[in-house]
Amino acid sequence: MNNTVFVTGGAGFIGSAVIRRLLSEHDVTVVNIDKLTYAGNLETLNAESESEKYVFEQRDICDRDSIDALFENYRPKAIMHLAAESHVDRSIDGPAEFIQTNIVGTYNLLEATRNYLSSQNDADGFRFHHISTDEVFGSLGDHGLFTEESPYDPNSPYSASKASSDHLVRAWHETFGLPVVLSNCSNNYGPYQYPEKLLPVIISKVVAAEPIPVYGTGSNVRDWLYVDDHASALIQIMQEGQVGRSYNVGGNEEKTNLEVVKTVCGILDELRPASGGGMHERLIEFVADRPGHDQRYAIDASRIQRELGWEPQESFESGMRKTVQWYLDNQEWIEMITRKNQSAGQRLGVIKKS
Ligand code: NAD
């Protein structure tokens, strides 16, 4: 084993933030393993691709032979597994890819890792870090927080596929002794998020002076975390987390979707005033709710704070301001993604329950 870290899904939103941080702050070589689905973009890593400590391998995590070959070739000391189908609305329109990548793909990585470690004399320092979501815990009422002990109760095809993968990772630890750590995080926002998620959608709609779609009444509550804070938590968990343990990661910033939209509109009122005057929030348009839309997620992140000393650096206000400014400064990035994929920013996942 050498100082190499595998990052699956490194061309995605969170994976690319992890790679930027690994290369700028840690003495490791990074192998980015990504299939480059519609959500993967190497342009997010233009600067990093110049580094001698960065390698890109275009691979499908469901292809066992090619993952085995990567282990053989690079002999990593850790794998940070972020590759996934990640958009709830897409999982409603087409769950098959979610089952394949999130469940079968994770199973493949676990088996490839097990095979690799069986050939090592000393596998002690190795870590398999599985990155997951708070959505596996289902929906909360008005009170309470998800802890690491909360029962799993997923409601969407996406969260059910992530819950399945969490269970597989835990089972490979209990049954085969695989040295795993897990983390479940709340909603991320920040630069380079694919323009189908709430934040980039709001900003793009305001810039285009188009209606901003808000699902249902906008009363669904999520906890929000700036993506670089998530990246720092993930690296710390990979390096210092206790084997077999899981860590909840969150920003302690619960907001309704409507509050998020109004906050972003308020920042844009300052940074990019509407041409005819008036407030951007007049563009808000309430649209049909997502089927099975979980009402509230909230995270108790006290374990990672207590045991690893991690806490977020950005507040909701400061993180949102940075994010809005980034999208305004990088409009060509959104335009490039939208040109590549016409469905970016379109409404998905509106089926009628039978
Ligand atoms: P993303 O959709 O932006 O990126 C996913 C990446 O995985 C893409 O680069 C894609 O090309 C790659 N990929 C997909 N299928 C693949 C396959 N079969 N083989 C190899 N690569 C493949 O996702 P994200 O928002 O960066 O999320 C990353 C991880 O974090 C996911 O596991 C997600 O469940 C988890 N997570 C996300 C959030 C969030 O708010 N975005 C919150 C908590 C947890």
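For this structure, a couple of remarks:
Here's the yes/no breakdown for (1) surrounded by 17 or more Cβ atoms within 10 Å (Cβ to Cβ); (2) more than 9 Å from the ligand (Cβ to nearest atom); (3) free of Cβ contacts under 8 Å to residues at least 24 places away in the same chain; (4) assigned to a helix (DSSP H, G or I):
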| site | (1), (2), (3), (4) |
| --- | --- |
| Asp68 | no, yes, no, yes |
| Glu72 | no, yes, no, yes |
| Asp89 | yes, yes, no, yes |
| Phe98 | yes, yes, no, yes |
| Asn102 | yes, no, no, yes |
| Gln120 | no, yes, no, no |
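- Among the residues of the stretch 35-46, those identified as assigned to a loop (DSSP other than H, G, I, E, B) and touching a residue at least 12 places away in the same chain (Cβ under 8 Å) are Lys35, Leu36, Thr37, Tyr38, Ala39, Gly40, Asn41.
- Counting residues in the stretch 49-63 that are in a helix (DSSP H, G or I) and under 25 Å from Lys162 (Cβ atoms) gives zero.
- Single unsatisfied condition, Ile237 versus (1) assigned to a loop (DSSP other than H, G, I, E, B); (2) under 26 Å from Asn41 (Cβ atoms): (1)
- Considered as a group, the residues in the stretch 122-159 that are open to solvent by less than 40 Å² (accessible area, probe 1.4 Å) and among the hydrophobic types (A, V, I, L, M, F, W, C) include one that is nearest to Val180 (Cα to Cα), and that residue is Phe128.
- Which numbered condition Gly309 fails, given (1) farther than 20 Å from Gln236 by Cα; (2) loosely packed, with under 14 Cβ neighbours inside 10 Å: (1)
- Being in contact with a helix residue (DSSP H, G or I) (Cβ under 8 Å, 6 or more places away or on another chain), under 20 Å from Phe137 (Cα atoms) and not aromatic (Phe, Trp, Tyr) is a description that applies to Asp294.
- Some residue of the stretch 31-43 being open to solvent by 20 Å² or more (accessible area, probe 1.4 Å), out of contact with any Gly (no Cβ under 8 Å at 6 or more places or on another chain), on the phi > 0 side of the Ramachandran plot and within 14 Å of the ligand (Cβ to nearest atom): yes
- Test: residue in the stretch 3-26 that is more than 10 Å from the ligand (Cβ to nearest atom), assigned to a loop (DSSP other than H, G, I, E, B) and without any contact (Cβ under 8 Å) to a residue 40 or more places away in the chain: no
- Criterion (closer than 25 Å to Ala17 by Cβ and surrounded by fewer than 18 Cβ atoms within 10 Å (Cβ to Cβ)) met by exactly one of Glu240, Glu196, Glu210: Glu240
Yes/no per residue for (1) at pLDDT below 95; (2) within 13 Å of the ligand (Cβ to nearest atom); (3) farther than 20 Å from Met336 by Cα:
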site	(1), (2), (3)
Phe146	no, yes, yes
Ser150	no, no, yes
His173	no, no, yes
Pro179	no, no, yes
Asn187	no, yes, yes
Pro191	no, yes, no
Ile202	yes, no, no
Pro213	yes, no, yes
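- Residues (in contact with a Ser or Thr (Cβ under 8 Å, 6 or more places away or on another chain) and open to solvent by less than 10 Å² (accessible area, probe 1.4 Å)) located in the stretch 225-237: Leu225, Ala233, Leu234, Ile237
- Residue within the stretch 220-240 that is more than 12 Å from the ligand (Cβ to nearest atom), over 20 Å from the mean Cα position of the chain (by Cα) and not charged (D, E, K, R) present: no
- Close pairs from the stretch 165-193: first on the phi < 0 side of the Ramachandran plot and assigned to a loop (DSSP other than H, G, I, E, B), partner of a type in the set (S, T, N, Q) and more than 8 Å from the ligand (Cβ to nearest atom), Cβ under 7 Å, at least 6 apart: Leu178/Thr113; Pro191/Thr323
The values are calculated or read from the model by the stated rules, or taken from the named source; none is laboratory data. Quick caveat, the model's predicted, so the values are computed rather than measured. Cβ: placed from backbone, ideal geometry, glycine included. Neighbour counts: every protein chain shown. Quick note on the areas: whole protein, heavy atoms, side chains included, nothing else; ligands and nucleic acids left out. Shrake-Rupley method; radii C 1.70, N 1.55, O 1.52, S 1.80 Å.
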